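Engineer: The structure that follows is given in the form of structure tokens.
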């Protein structure tokens, strides 16, 4: 059964291009280590809700947008193997060097792993 890691992150609009470049490099590493697919999506129709929403979840600030991303794997076991390799990869370590230099606020990022329920 396929497995998906999903994450949501606030990105300053002025740093969106830097985020895209970083995401392209990172996705190459994930794919090289076995991820089936890496998708990065920028908010287009995302409004604050009454109780909860993407903007509220990341405490979106003026001048920021929301990025929703996911990585697809063959299974959770394969995901665990891929992520272990990715976290040891020097390219990822270099990108994650100093969190304050990242093109997004990592403190407001959230993520999780999901079993696929429907794959139509």
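Engineer: Can you find, within the stretch 88-98, the residue that is surrounded by the most Cβ atoms within 10 Å (Cβ to Cβ) among those that are without any contact (Cβ under 8 Å) to a residue 12 or more places away in the chain and under 21 Å from residue 18 (Cα atoms)? Let's see the steps before the verdict.
Structural biologist: The first filter runs over the stretch 88-98 and keeps only residues without any contact (Cβ under 8 Å) to a residue 12 or more places away in the chain, leaving 88, 90, 93-94, 96-98.
Checking which are under 21 Å from residue 18 (Cα atoms) leaves us with 90, 93-94, 96-98.
On the way: 90: 8, 93: 11, 94: 9, 96: 14, 97: 9, 98: 6.
Only one residue fits best here, namely 96.
Engineer: Can you give me the ranges of the helices (runs of 4 or more DSSP H) entirely in the stretch 16-120 with at least 3 residues that are touching a helix residue (DSSP H, G or I) at 6+ places or on another chain (Cβ under 9 Å)? Write out each step before concluding.
Structural biologist: Numbers: elements: 16-32, 54-57, 76-88, 90-95.
Where helices (runs of 4 or more DSSP H) fall fully within the stretch 16-120 and carry at least 3 residues being touching a helix residue (DSSP H, G or I) at 6+ places or on another chain (Cβ under 9 Å), they are 16-32, 76-88, 90-95.
Engineer: Between a residue in the stretch 8-20 that is over 16 Å from residue 53 (Cβ atoms) and any residue that is surrounded by fewer than 16 Cβ atoms within 10 Å (Cβ to Cβ) and at pLDDT 95 or above, which pairs come within a Cβ distance under 6 Å, given they are 6 or more apart or on different chains?
Structural biologist: From residues that are over 16 Å from residue 53 (Cβ atoms), the pairs are 12/63; 13/63.
Engineer: Then there is this: Can you tell me which residues in the stretch 1-21 are farther than 21 Å from residue 115 by Cα and surrounded by fewer than 18 Cβ atoms within 10 Å (Cβ to Cβ)?
Structural biologist: Passing the criteria: 12, 13, 14, 15, 16, 17, 18, 20, 21.
Engineer: On the given criteria, is residue 80 within 17 Å of the chain's Cα centre (by Cα) and without any contact (Cβ under 8 Å) to a residue 12 or more places away in the chain?
Structural biologist: Details: within 17 Å of the chain's Cα centre (by Cα): yes; without any contact (Cβ under 8 Å) to a residue 12 or more places away in the chain: yes.
It is true that residue 80 is within 17 Å of the chain's Cα centre (by Cα) and without any contact (Cβ under 8 Å) to a residue 12 or more places away in the chain.
Here is a yes/no grid of residues against (1) at pLDDT 95 or above; (2) under 26 Å from residue 83 (Cβ atoms):
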position	(1), (2)
15	yes, yes
42	yes, yes
45	yes, no
50	no, no
62	yes, no
67	yes, yes
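The values are calculated or read from the model by the stated rules, or taken from the named source; none is laboratory data. Values in this document were obtained by computation on a predicted structure and should not be read as measured data. For neighbour counting, all protein chains shown are included, and Cβ atoms are generated from backbone atoms with ideal geometry for every residue, glycine included.
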